[in-house]
Every structure is written in C-alpha cells, then in structure tokens.
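The values are calculated or read from the model by the stated rules, or taken from the named source; none is laboratory data. This structure is a prediction, so every number in the text was calculated from the model and none was measured. Note that each Cβ is placed from the backbone with ideal geometry, even for glycine, and that neighbours are counted across all protein chains shown. Only protein heavy atoms, including side chains, enter the accessible area calculation; ligands, DNA and RNA are left aside. Shrake-Rupley method; radii C 1.70, N 1.55, O 1.52, S 1.80 Å.
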Amino acid sequence: MHNPASPMWTEIVQLIFQVAFWTLIGILSLLTYRKAKKTLLQPMRAEVFKAQIQLLQELLAHFVGKGEIDLRECLGFDDLLQANAFSMFDQYAQLFFDVELDRDERPYSSKQCPMKIVSEEYMIKNDSFYDRDKISESNENSDQCDSRVRAANWLNYTHGCIHLPKQYTETTAKLEHLMQSPLMPANLLKYIEEYLKLVQENVTEIELVLTLAAKEMPSKYTTYEQLKQSSMVWVHNLYNDHFRHLEPVAAKIVNAVREYYCPDKLLDG
C-alpha cells in the first residue's frame, strides 16, 4: 500500500542530517581557527617572553646578591653625602674664616654633581644666609663683635641645596627607564616605585642631617686649622642614624620576580 507520509519523513531526516553536518563543520572550523590562532601568535609570544626576560635581568642586576652596603654603593650615597658635607663645610669656612675656594674643583662641582635638588626656602634665601655688608661693617669694630655677627648669621643656615653625583643620577635614571617599559609586570612596578621613593627620602634626609650638623660647627671648629684637620666621620654617623634601609624593599623586588615566573614549577614541569 502507498504511504503518503514517507516523502515528509524523508525530508525531515534529510534536514536533520544537514543541520548535524553543518553544525559539525562549524565546530571543526572554530577549533581549527583557534588552533591556528594559537600557532600564529606563538612566535610573537615567544619574542615578548624573551624581551621580558631581558628586561627583568637588567632589573635584577641592581638587586640580586646585594646587601645594604652594596645597594648604597650602587647609588653612590657615600659620594652624595661627601659632596654635600663639603659644601656645608666650605660655606662655614667662607663665613667664619674668609676662605675663598674654587667651587669648580670641589666634590660638589657641576662636573661631579650634574644635578641638584633645591628647596623652596633655599631659593628664597638665594644662597645668602649671611649678610656680607653686616660682616664688613663689624670688621671695622671689634673682633668679638665680628664673631658674634658671623655666629648669629650661621644659626640661619639651612642645607637646602642637595648636590647629586653622577652615579646617583645615572642609577636612578636606569631604574626609572625600566619602570617605563610596557613589558614590566604590574606587580613589580609598585615595588620599584616604593624603592625609588625610599631612595628619594634618604636623599632629602641629607638636608635635615646637614642642617643639624651645621649647628655643631662653631663649637667643634673655632679656628681654620681645626677645620682643615677635621674628619667628617661624625657627619656620616649622624646620617647613618637617620638612613632608612634599602635592603628590605630590594628583597621584595627579587621575590616578586621569583613569584612571577615560578621557577620551581617550571623545573617540575
């Protein structure tokens, strides 16, 4: 007997097979595309990974295997303090003993310290914390009056101009350059910023330390001979008492790199 429903079922079965076929083709095409995309991007990812490794190697060169003393040496903190202490001592010699010095040959010269940090207060005073007219006038009177005027003017001394040696400016510039790279991992940036902020705080601390040290100069050096034979060890000790250690933050940077790459897991894999 002829079954009129057969053509209808045949069309339905064909439609189902067509839907299944094109669905399968779509899935295979999607999987093929995703695999091809990964294959095409793999060389680019490899190059980015290499560049990032190079970047972090440069960063770690500043920190790996270095203790507190090494970190300070890398930034030239001894030279920085020395240059600024000489500047304060020279100004004292100039005021109290009328000593003329060639500033271009001193440790704080622009040749050795190409950059400066100048406080607003210092700019207002314009490096004239003492009045030469008053000193000249006092010279016409007694020596006792002269020394009193000089001592009174020295009480106003503030070390508001910090001279920055080449080693300091070059090292901080390198770290800032590494920070600006788009390849630097975000979690590392905060630690580098913390480190540079700490470094800057230790630099500005020199202003306070040398301003405090200046108060002791008149009692320590009453003659020019005493000043010429002086040692600055006491100034270095005073600065060390105020210095904030760099090593703890440097350790954070090294640990952050280790956590980012998980070298132990890579070896296990």
Check: If r is the Cβ-Cβ distance from TYR224 to LEU198 and R0 is 41 Å, what FRET efficiency results, to the nearest 0.05?
Finding: 0.60
Next item on the list: Place the peptides 227-234, 171-178, 243-250 in order of packing, highest mean first, counting for every residue the other Cβ atoms within 10 Å and averaging per peptide.
Entry: 243-250, 171-178, 227-234
Check: What net charge do the residues around PRO114 carry, taking every other residue with its C-beta under 11 Å from that of PRO114, with Lys and Arg at +1 and Asp and Glu at -1?
Finding: +2
Check: In region 177-234, carbon and sulfur make up what percent of the accessible area (probe 1.4 Å)?
Finding: 55
Next item on the list: Sum up the charges of everything whose Cβ sits under 14 Å from the Cβ of GLU193, counting Lys and Arg as +1 and Asp and Glu as -1, but leave GLU193 out.
Entry: 0
Notebook entry, point to check: What FRET efficiency comes out for the pair GLU105/TYR260, r = Cβ-Cβ distance, R0 = 35 Å, nearest 0.05?
Noted result: 0.15
Note to self: Sorting check: for 83-92, 155-164, 214-223, which peptide has the highest mean count of neighbouring beta carbons within 10 Å, and how do the rest follow?
What the structure shows: 83-92, 155-164, 214-223
Check: At HIS236 and THR169, where each label point lies 7 Å from the Cα along Cα→Cβ, what is the point-to-point distance in nanometres?
Finding: 2.5
Next item on the list: Using R₀ = 51 Å, calculate the FRET efficiency as 1/(1 + (r/R₀)^6) where r is the Cβ-Cβ separation of ILE117 and ILE53; round to 0.05.
Entry: 0.90
Next item on the list: Evaluate the distance, in nm, between pseudo-label points positioned 7 Å from the Cα of MET179 and of GLU73 along their respective Cα→Cβ axes.
Entry: 2.6
Next item on the list: Could you pull out the pairs from LYS166/LYS215; LYS166/LYS190; LYS66/LYS174 whose alpha carbons sit more than 23 Å apart here?
Entry: LYS166/LYS215; LYS166/LYS190
